[in-house]
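The values are calculated or read from the model by the stated rules, or taken from the named source; none is laboratory data. Remember, it's a predicted structure, so these values are computed and weren't measured experimentally. Positions of Cβ are backbone-derived with ideal geometry, glycine not excepted, and every protein chain shown enters the neighbour counts. We work out accessible area using only protein heavy atoms, side chains counted, and drop any ligands, DNA or RNA first. Shrake-Rupley method; radii C 1.70, N 1.55, O 1.52, S 1.80 Å.
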Amino acid sequence: MSETLIRPRIEARPLGERLAEKLPLLLVPLLMLGGLVVTGNPSTWATLTVAGLAMGLMIFIMASGLTLVFGLMDIINFGHGAFVAVGAFIGFTVLTWLSGWTGHPSVLMNLAAMLIAVTVTMLATGLIGYGFEKVIIKPVYGQHLKQILVTMGGMIIAQQLIHVVWGPDALHLSRPLALQGSWVIGDAAIEKYRIVAVGVGLALFVAMRHVLKHTKVGLLVRAGVENGEMVEALGYRIRRLFLVVFMVGSALAGLGGVMWGLYQETITAHMGSEIMVLVFIVVIIGGLGSVEGCFIGALLVGLLANYTAFAAPKVALVSTIGLMVVVLMWRPQGLYPVVKAK
């Protein structure tokens, strides 16, 4: 007895819809082209572009964990900046202990010191994130107003604890010897540290995208974003997954804090709350829960901030806000929103 296989007919989506999906990918190259026109000098443009990419990718490192927490856990975590600041100070402490390595002429010793500092920082902030979720976040699941209040309170407490442990004064965070100075290519001066920041940010984006798209953990995370109750019904402990995601987001914030501190070469207890303005703008522009959208949004913010700071310094103060307004008028849910099933 023969069986007839009936294959469902898959209708191709309209061309206009497919183009609209790809259009955000063109925003970064278009902005870079606009920056070349505004600066009018290829060397100046190259310097500003590398600086913008480095700034954007460091913001992406801090924002990527937050956007996953938003999308998967439906948590408005205004305390995310606390992990940025704590991470910067922990990294400062480790690098101070390893000052003999950071000041050594050997590039390998410099990189080893950086790797140790980053590893310790991410482990520490991940563990702090565990406690933060258990004590502060867990009692207010599903209560957005209370989440805002308690997480802001958590950040204020973290700032005061930083004052107690490290003191109230700003601290100078020196870069390892190998990452100081610039490479001069033609007339363009490219800072070594910014190249490293670009490399780390791109590597993190590729790794996160691989995990989310091609692993079982990523599948569960994406399924949890779409319908957490169904994932729970299939026998997976979604709450444990939530906790792991929150810890990873906290660890990434700590990594971003170390890198941002080395970028600014000065750290303060309030640096987390200051950088959170840009982090939230990036998350909103990209769309809640979207790593790809967060990546594009971060690049747009970093590039625009550097181009406008060069061409019109007064406009630079509001350029990122203006970018967010324009994007939301075009796409009210962000560039690539991950819509959570209700």
ask   = In the stretch 225-243, which residues are modelled with pLDDT of 80 or more and either open to solvent by 90 Å² or more (accessible area, probe 1.4 Å) or not in a helix (DSSP H, G or I) (or both)?
value = ARG240
request  = Tell me which of these LEU123 doesn't satisfy, since it passes every other one: (1) of a type in the set (A, V, I, L, M); (2) crowded, with 16+ Cβ neighbours inside 10 Å; (3) assigned to a helix (DSSP H, G or I); (4) under 19 Å from the mean Cα position of the chain (by Cα).
outcome  = (2)
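Per-residue answers, yes or no, for (1) open to solvent by 80 Å² or more (accessible area, probe 1.4 Å); (2) in contact (Cβ under 8 Å) with a residue 12 or more places away in the chain; (3) touching a helix residue (DSSP H, G or I) at 6+ places or on another chain (Cβ under 6 Å); (4) not in a loop (DSSP other than H, G, I, E, B):
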{"site": "LEU115", "(1), (2), (3), (4)": "yes, no, no, yes"}
{"site": "PHE132", "(1), (2), (3), (4)": "no, yes, no, yes"}
{"site": "LYS138", "(1), (2), (3), (4)": "yes, no, no, yes"}
{"site": "GLY142", "(1), (2), (3), (4)": "no, yes, no, no"}
{"site": "LEU145", "(1), (2), (3), (4)": "yes, no, no, yes"}
{"site": "LEU149", "(1), (2), (3), (4)": "yes, no, no, yes"}
key: Complete set of residues in the stretch 160-194 that are farther than 19 Å from ALA117 by Cα and part of a helix (DSSP H, G or I)   = GLN160, LEU161, HIS163, VAL164
Those residues of the stretch 50-92 which are among the β-branched types (Val, Ile, Thr), within 24 Å of LEU304 (Cβ to Cβ) and open to solvent by 10 Å² or more (accessible area, probe 1.4 Å), in sequence order = VAL50
note = When the stretch 244-270 is checked residue by residue, the ones that are over 18 Å from ALA124 (Cα atoms) and assigned to a helix (DSSP H, G or I) are LEU262, TYR263, GLN264
ask   = Where residues in the stretch 184-216 are free of Cβ contacts under 8 Å to residues at least 12 places away in the same chain and open to solvent by 70 Å² or more (accessible area, probe 1.4 Å), which of them is nearest to the chain's Cα centre (by Cα)?
value = VAL206
note = Result of the Cβ filter at 7 Å on the stretch 70-84, keeping first residues that are on the phi > 0 side of the Ramachandran plot and part of a loop (DSSP other than H, G, I, E, B) and partners that are small (Gly, Ala, Ser) and modelled with pLDDT of 80 or more, at least 6 apart or interchain, is none
remark   = Among the residues of the stretch 24-42, the number that are modelled with pLDDT under 90 and either hydroxyl-bearing (Ser, Thr, Tyr) or open to solvent by less than 30 Å² (accessible area, probe 1.4 Å) (or both) is 2
remark   = The condition from (1) open to solvent by 90 Å² or more (accessible area, probe 1.4 Å); (2) more than 20 Å from HIS80 (Cα to Cα); (3) touching a helix residue (DSSP H, G or I) at 6+ places or on another chain (Cβ under 7 Å) that LEU108 misses is numbered (3)
ask   = surrounded by 23 or more Cβ atoms within 10 Å (Cβ to Cβ) and more than 12 Å from the chain's Cα centre (by Cα) - does that describe any residue in the stretch 250-258?
value = yes
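Okay, residues lined up against (1) within 18 Å of SER64 (Cβ to Cβ); (2) modelled with pLDDT under 95; (3) of a type in the set (Ser, Thr, Tyr); (4) buried (at least 21 other Cβ atoms within 10 Å of the Cβ):
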residue	(1), (2), (3), (4)
ALA269	no, yes, no, yes
VAL279	yes, yes, no, yes
GLU292	yes, yes, no, no
ASN306	no, yes, no, yes
PHE310	no, yes, no, no
VAL315	no, yes, no, no
VAL318	no, yes, no, no
VAL325	no, yes, no, no
LYS340	yes, yes, no, no
